[in-house]
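Data block below; observations after.
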Amino acid sequence: MVIVFGSINLDLVARVGTIPRPGETLLGTSFVTVPGGKGANQALAARDADAEVAMFGAVGRDAFADAALANLVRRGVDLSGIARVAGPTGVALINVDASGENAITVVPGANARACASQVRDEALAHGNTVLMQLEVPIPEVLALARRARSCGARVVVNGAPAAALPADLLDNVDFLVVNEHEHAMCLAGRASMNVVLTLGARGAHLDWQGMRYQESPPAIDVVDTTGAGDALCGAFAAALDRGLPPPEALRDAVRAGAIACTHEGAQRAD
């Protein structure tokens, strides 16, 4: 089973010719609301890769909550660990330009109140995979990583959005997934650990047990890069969870990240 502890948002997505510069106002060409949040996106990606998935996080008691959870419900993700808290559900404000590149502002809302204690010890059993990101409080990510390791679960952390990670957290991570921009900040000078480095259109490489493995993506027509990294993370966790060696899991992950660029929004519509 893949246990995802992370953020749940409603994405407010505007398509524009170019990303606005500071102080600039542009007319967009379309607008949609789409369920999102790195945690939810990755949970759905793992589910799309045929993993059994349980999601843990928090939403508000507002009109956005049910919309943010809709795809998780529809795809059969276990939501018994989701907390409903006072205050707003998290949102992401996303501009997508004509080439498919994006600029994103995230307002955490209820995600700031997600707690590691929501995840029961029995969910952290040996052989399960815990997947986390940094849109929920890092102390809670650390607390869950420690417990997961002590219970025998595999721990995968996506270092996004970029932040300096405590050494204690890195000590309790089996695989860290970061992009080129997040790499230096998240690793904070650590020379040796298992890292998946995502490279955008160039795919990704894996540093694992002193070896490097490179995987290039298939050729695609890019529509929107939003959520590509989340698709990669979810597919990687799902592949590890079903027992694939990490280099083979990387292959599945890069393919999933590429496919995510062929549709609009971070979560594929049914």
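The values are calculated or read from the model by the stated rules, or taken from the named source; none is laboratory data. The structure presented is a predicted model; accordingly, all values stated were derived computationally and were not measured. Note that each Cβ is placed from the backbone with ideal geometry, even for glycine, and that neighbours are counted across all protein chains shown.
What's the total number of residues in segment 157-183 that are outside any helix (DSSP H, G or I) and either aromatic (Phe, Trp, Tyr) or farther than 20 Å from ALA58 by Cα (or both)?
Here the count works out to 16.
If you check VAL13 against the conditions, is it farther than 23 Å from PHE236 by Cα, aliphatic (A, V, I, L, M) and out of contact with any Ser or Thr (no Cβ under 7 Å at 6 or more places or on another chain)?
Yes, satisfied.
Need pairs with beta-carbon distance below 7 Å; first residue in contact (Cβ under 8 Å) with a residue 12 or more places away in the chain and part of a helix (DSSP H, G or I) and within segment 193-208, second loosely packed, with under 15 Cβ neighbours inside 10 Å and of a type outside the set (Ser, Thr, Tyr); sequence gap 6+ or separate chains.
Close Cβ pairs (under 7 Å, with a partner that is loosely packed, with under 15 Cβ neighbours inside 10 Å and of a type outside the set (Ser, Thr, Tyr)) do not exist here.
Go through segment 158-215 and report how many residues are among the acidic types (Asp, Glu) and in contact with a Leu (Cβ under 7 Å, 6 or more places away or on another chain).
3
Would a scan of segment 3-10 turn up a residue that is assigned to a helix (DSSP H, G or I), of a type outside the set (A, V, I, L, M), under 15 Å from GLY229 (Cβ atoms) and in contact (Cβ under 8 Å) with a residue 24 or more places away in the chain?
Within segment 3-10, none of the residues are assigned to a helix (DSSP H, G or I), of a type outside the set (A, V, I, L, M), under 15 Å from GLY229 (Cβ atoms) and in contact (Cβ under 8 Å) with a residue 24 or more places away in the chain.
Could you give every pair whose Cβ atoms fall below 7 Å, whose first residue belongs to segment 137-157 and is in contact (Cβ under 8 Å) with a residue 40 or more places away in the chain and crowded, with 21+ Cβ neighbours inside 10 Å, and whose second residue is of a type in the set (Val, Ile, Thr) and in a loop (DSSP other than H, G, I, E, B), counting only separations of at least 6 or pairs across chains?
LEU144/VAL119
Looking at segment 209-236, which of its residues are among the acidic types (Asp, Glu) and part of a loop (DSSP other than H, G, I, E, B)?
If the condition is that a residue be among the acidic types (Asp, Glu) and part of a loop (DSSP other than H, G, I, E, B), then ASP221, ASP224 are the ones that fit.
Select, from LEU199, LEU176, the only residue that is more than 21 Å from MET55 (Cα to Cα) and surrounded by 15 or more Cβ atoms within 10 Å (Cβ to Cβ).
LEU199 is the lone residue from the list that is more than 21 Å from MET55 (Cα to Cα) and surrounded by 15 or more Cβ atoms within 10 Å (Cβ to Cβ).
Being in contact with a Pro (Cβ under 9 Å, 6 or more places away or on another chain), modelled with pLDDT of 80 or more, part of a helix (DSSP H, G or I) and surrounded by fewer than 18 Cβ atoms within 10 Å (Cβ to Cβ): is that true of ALA239 here?
In short, no.
Quick one: VAL155 ticks every box in (1) modelled with pLDDT under 95; (2) farther than 30 Å from VAL223 by Cα; (3) under 16 Å from the mean Cα position of the chain (by Cα) bar one, so which box is it?
For VAL155, the exception is condition (1).
Being farther than 12 Å from PHE56 by Cα and touching a Lys or Arg at 6+ places or on another chain (Cβ under 8 Å) is the filter here, so list the residues in segment 111-122 that pass it.
Hit for segment 111-122 is ASP121, nothing else.
Please enumerate the residues belonging to segment 65-109 that are surrounded by 18 or more Cβ atoms within 10 Å (Cβ to Cβ), aliphatic (A, V, I, L, M) and in a loop (DSSP other than H, G, I, E, B).
The answer is VAL77, and nothing else.
Restricting to segment 202-232, what's the tally of residues that are over 30 Å from GLY17 (Cβ atoms), surrounded by 18 or more Cβ atoms within 10 Å (Cβ to Cβ) and modelled with pLDDT of 90 or more?
3
With the checklist (1) modelled with pLDDT of 95 or more; (2) over 16 Å from the mean Cα position of the chain (by Cα) in hand, flag the one item LEU165 doesn't pass.
LEU165 satisfies all of (1) modelled with pLDDT of 95 or more; (2) over 16 Å from the mean Cα position of the chain (by Cα) except (1).
Checking the condition without any contact (Cβ under 8 Å) to a residue 60 or more places away in the chain and more than 30 Å from ARG21 (Cβ to Cβ), which residue from ALA116, ALA110, ALA123, ALA167 passes?
ALA167 is the lone residue from the list that is without any contact (Cβ under 8 Å) to a residue 60 or more places away in the chain and more than 30 Å from ARG21 (Cβ to Cβ).
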